[in-house]
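Below is one structure, written out as structure tokens; comments come after it.
Here, each number is a calculation from the coordinates, and none is a lab measurement. Keep in mind the model is a prediction, meaning the values are calculated, not measured. Methodologically, a virtual Cβ is constructed for each residue, glycine included, from the backbone with ideal geometry; neighbour enumeration extends over all protein chains shown.
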Amino acid sequence: MSVKKIAVLAVFTTLMMALAYLERILPGFIPLLPYCKLGLSNIVLLFAIYALSKRDAFFLLFVKLFLSVVLFGSASGFLYALFGGVLALSCMCIGAKFQKFSVIGVSVIGALAHNLGQMLAGCLLLKSGAVLFMAPIFLLSGVLTGLLTGVISGLLISRCRRFVP
């Protein structure tokens, strides 16, 4: 791996962590549901899928998950983030590979998959399907946040792709 690539991955990791921290200190996206977040670090992952490689995007995801647990989280929070993150990134990579979706579409797919992964984690950890009663709210918030992060990612990808290896 080249020094330039290591530096780019370090910058991307730093951006993801800064966005994750910003999101932690901001109030929830939906006032009565403080756990509905914007998913700002997904902007960096989307950029990585299109500008770097899918392998680099997975590397960034796992580094972010590890650092988030060490700095901010708990073991159960890690499991929710792991289920949601891996499912979301896998679905985004598939959507990007087939080129049937725009960056915005791939982002919405990722946001929906992330919420579904977290609901699955909730069902497994709580040993109950009660979490699924929140599905309409999670799916609506996924569409809205996916649109937001997709628009931002699309703008970044179109303007900054030439600056990465």
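Pairs of lysine in the chain with Cα under 25 Å and at least 8 positions apart or on different chains: total?
The result is 12.
With labels modelled as points extended 7 Å from the Cα through the Cβ direction, what inter-label distance (nm, one decimal) is found for Ile25 paired with Leu139?
Each label point is offset 7 Å from its Cα along the Cβ direction, giving 3.6 nm.
If a helix is a whole DSSP H run, which ones in the chain reach 18 Å or further along their own axis (Cα) and hold a mean Kyte-Doolittle hydropathy of at least 1.0?
In the chain, the long hydrophobic H runs are 3-25, 54-71, 75-98, 103-126, 135-160.
Based on the mean of other Cβ atoms within 10 Å per residue, sort peptides 148-156, 52-60, 94-102 so the most packed one is first.
For the peptides 148-156, 52-60, 94-102, the packing ranking is 148-156, 52-60, 94-102.
May I ask you to give the average projected area over all directions of the convex hull of the Cα atoms of segment 3-163, in nm² rounded to one decimal?
9.3
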